[in-house]
Structures are given as structure tokens and as C-alpha cells.
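The values are calculated or read from the model by the stated rules, or taken from the named source; none is laboratory data. Treat the numbers as computed from the prediction; the structure is a model and nothing was measured. Cβ atoms come from the backbone with ideal geometry, glycine included; neighbour counts cover every protein chain shown.
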């Protein structure tokens, strides 16, 4: 009876893992379909995303000293940080990695105003003492450029009002389907030194009308919005890629466990048959 109970336990365990495997397979397929769409959107805005960044920094690298509010660090020691994660788990280390990237960057909870896009990193950081300023978690499910404008307007307001002295963006760069890297980008004040002269020399020279300060006053809000939107696109692609990999690994692990349980079940079954035969033979000999 002990062997039979063991066989029943193995069979139930195997059935449970098979059900889980079906779920992970389905989730992998869903993530794969979503990744294809998200990857296309990320690639479509990638050139604009980087060109806007290059354009602003090339303007500053070429025009010398400009006294503009967007180029000066504010008096406040607070740092407004837009951090982009997801609203769902089961994506490997995707959410934890982007949250830890902010913590490893050296910003303490006391100096950060958190503008959260995605509940997972938000909850992770709140539990560790970071103050939530605003929550935009719903927009990450289907981000639009208008969402980036809303977030950009809010953090620019925090900067110009003196509530925050610096603005940062924390997101996950989509390298390819197997590589995603969390990154931190300083939005304001803009540092022209971040662009090397070798890179600026490849860009076409620019003239500004009416003047550099007016142009920057118009361009930098657009620059902020564009970077936030591009970061959301890359983060969504990274999330689905990470989830696809996590579900693929889970499916493979389930397959290995099913194979091991099948071997255990067959051994238990053989032991049960051998035991029954032994008992029959012993009984026959006793009668004879």
C-alpha cells in the first residue's frame, strides 16, 4: 500500500506540473506575439529617440555658455526620477533589475521624488523608503505619446518650480530578444559634455532664430517628452522579451521534472508488480 500511495502521489504531482507547463507555454506564446508588436514600435521610434537626444546635446556642444533655467541645477537637492517597470510579474528579473539600478546609482530614498510608471518597481522602492510623488502605472499597459507629454509636463513643473533640482529617467534598454539592460539617464540639467566632439562634428551645423535660448525653451520640453516615450517603448519590448524567456525556461524546467517523475512512476510501478509476483509465488509455495 505504501508503494501504491507513492504512485498516486507521483501521478498527481506529474499532472499538476503538466497543467503548469500548459500555462507557461500559453504565456510564452502571448509574450512572443506582444513582443513582435512592441519591438516594431520600439524600432520605429528608436531613430527619433536618439536623434532628439543628439540634437539637443549638439546644440549645447556648439554654442558655448548659455544661461538657461534648463541648463542650471536647481537649488533643491531633491531628484525627480521617472522609473519605468511593468504592472505584472513572471518576467524574470526585469522589474527587480530596474529598481535595483536606481538604488545602485546612489540615490537614497530621502532625496528621490518617485514618478512611477509601472506598479512592480513602484512597490519595490516604496517598501525600501522611497517617496512616491505621482503614479502613472496604468499608462504602461498601452503607452501613447500623450502619456509621455503628461509625465514630461509634471516633472518639468517640479524642476521649474524648484521642487526638484535634477530630473532622471530609469528604464530598460532593449538590445535584442535575449538582452535587456537597465539604464539611468539624466534629463535635466542637460550636460553638453556628455556628447563628444567627434560625434558632434558629424552633425550638420545649425543656425538659431531668434536665438539659442528661445530655441532651447521650445525644444527641451519636446526633448523630455520624446525621451520618456522612447524609454516606455523600449521598456515594453524588454518586458515582453524577458517574460518570453522566463516562460520558455519555466516550460523547459517543467519538461525535465515531468521526465523525472515519469521515471519514478515507472520504477514504482515495476516495484509494485515485482512485490505482487513475489507475494503470489510465496503464497503458492506455502500452499504446495
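Within the span defined as the stretch 87-99, one or more residues are in contact (Cβ under 8 Å) with a residue 12 or more places away in the chain, in contact with a helix residue (DSSP H, G or I) (Cβ under 7 Å, 6 or more places away or on another chain) and within 15 Å of residue 169 (Cβ to Cβ).
Look through 89, 106 and report the one residue that is surrounded by fewer than 19 Cβ atoms within 10 Å (Cβ to Cβ), part of a loop (DSSP other than H, G, I, E, B) and under 12 Å from the mean Cα position of the chain (by Cα).
Checking each option against the conditions leaves just 89.
Here 222, 203 are screened, and the one residue that is in the same structural domain as residue 48 (by TED's automatic domain parsing), modelled with pLDDT under 80 and farther than 27 Å from residue 100 by Cβ is 203. The criterion of being modelled with pLDDT of 75 or more and either assigned to a helix (DSSP H, G or I) or surrounded by 14 or more Cβ atoms within 10 Å (Cβ to Cβ) (or both) holds for residue 157. Just one of the listed residues (254, 282, 231, 242) is surrounded by fewer than 22 Cβ atoms within 10 Å (Cβ to Cβ) and at pLDDT 85 or above, and it is 254.
Listed conditions (1) assigned to a helix (DSSP H, G or I); (2) assigned by TED's automatic domain parsing to the domain that holds residue 154 are all met by residue 77, apart from (1).
Residues that are under 17 Å from the mean Cα position of the chain (by Cα) and exposed (fewer than 14 other Cβ atoms within 10 Å of the Cβ) do not occur anywhere in the stretch 115-129. Consider residue 284 carefully, then state whether it is more than 30 Å from residue 120 (Cα to Cα) and part of a helix (DSSP H, G or I). Yes, satisfied. Only one entry of 145, 94 meets the criterion of being under 13 Å from the mean Cα position of the chain (by Cα) and closer than 30 Å to residue 34 by Cβ, and that entry is 94. Number of residues in the stretch 1-43 that are more than 22 Å from residue 89 (Cβ to Cβ) and free of Cβ contacts under 8 Å to residues at least 12 places away in the same chain equals 9. Hey, among 55, 24, which residue is modelled with pLDDT of 90 or more, in contact with a helix residue (DSSP H, G or I) (Cβ under 8 Å, 6 or more places away or on another chain), under 30 Å from residue 174 (Cβ atoms) and assigned to a helix (DSSP H, G or I)? Result of the check over 55, 24: 24. Listed residues 184, 190; which is part of a loop (DSSP other than H, G, I, E, B) and in contact with a helix residue (DSSP H, G or I) (Cβ under 8 Å, 6 or more places away or on another chain)? It is 190.
Residues that are under 22 Å from residue 233 (Cβ atoms), assigned by TED's automatic domain parsing to the domain that holds residue 175 and buried (at least 20 other Cβ atoms within 10 Å of the Cβ) occur at least once in the stretch 55-71. Looking across the stretch 167-181, the residues that are at pLDDT 95 or above and either assigned to a loop (DSSP other than H, G, I, E, B) or more than 14 Å from the chain's Cα centre (by Cα) (or both) come down to 167, 168.
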